[in-house]
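The values are calculated or read from the model by the stated rules, or taken from the named source; none is laboratory data. Fair warning: this is a prediction, and the values are worked out from it, not measured in the lab. Because the Cβ atoms are built from the backbone with ideal geometry, glycine has one as well, and the counts that use them run over all protein chains shown.
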Amino acid sequence: MLAAVGVGADEERLYEILLSRPGATAPELTSRAAASRSTVQALLDGLELKGLVTHSPSRTRRYFPAPPDVAVEALILKQQEALQRVRVAAARLQDARAGRAATARRTSG
């Protein structure tokens, strides 16, 4: 479901696990996710970068999911901003193409 905003299937699954177990440690999540510790840590790091997860400052990190409505809305807004940048780039390319065509007409005529 969240793939459209850049969240992979494994990340989404771990996020859902964390939603039901806020404050879990990486070893606890590793057990629940039936994945390796390094895989779970990489997924947690990715989720943190995307704003879906935070962790405690304590030596034994505890992970907390961001509220889905807030976190997903932020991802949607980032995606919309990226799409707007693509629109602007496409318009610039179109302008450059039109400029080259006009120059070609002037020099050939």
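Examine the stretch 30-51 for a residue that is surrounded by 11 or more Cβ atoms within 10 Å (Cβ to Cβ), in contact with a strand residue (DSSP E or B) (Cβ under 7 Å, 6 or more places away or on another chain), at pLDDT 95 or above and polar (S, T, N, Q), and state whether such a residue exists.
Within the stretch 30-51, none of the residues are surrounded by 11 or more Cβ atoms within 10 Å (Cβ to Cβ), in contact with a strand residue (DSSP E or B) (Cβ under 7 Å, 6 or more places away or on another chain), at pLDDT 95 or above and polar (S, T, N, Q).
Within the stretch 68-84, can one find any residue that is surrounded by fewer than 16 Cβ atoms within 10 Å (Cβ to Cβ), of a type in the set (A, V, I, L, M) and in contact with a Gly (Cβ under 9 Å, 6 or more places away or on another chain)?
Within the stretch 68-84, one or more residues are surrounded by fewer than 16 Cβ atoms within 10 Å (Cβ to Cβ), of a type in the set (A, V, I, L, M) and in contact with a Gly (Cβ under 9 Å, 6 or more places away or on another chain).
Somewhere in the stretch 84-104, is a residue under 17 Å from residue 3 (Cβ atoms) and not charged (D, E, K, R)?
No, that holds for no residue.
Does the stretch 57-85 hold any residues that are free of Cβ contacts under 8 Å to residues at least 12 places away in the same chain and under 17 Å from the mean Cα position of the chain (by Cα), and which are they? First the steps, then the outcome.
Just the residues of the stretch 57-85 that are free of Cβ contacts under 8 Å to residues at least 12 places away in the same chain, to begin with: 57-59, 67, 69-70, 73, 77, 80-85.
Once the filter is applied, which keeps residues that are free of Cβ contacts under 8 Å to residues at least 12 places away in the same chain and under 17 Å from the mean Cα position of the chain (by Cα), the stretch 57-85 yields 67, 69, 70, 73, 77, 80, 81, 82, 83, 84, 85.
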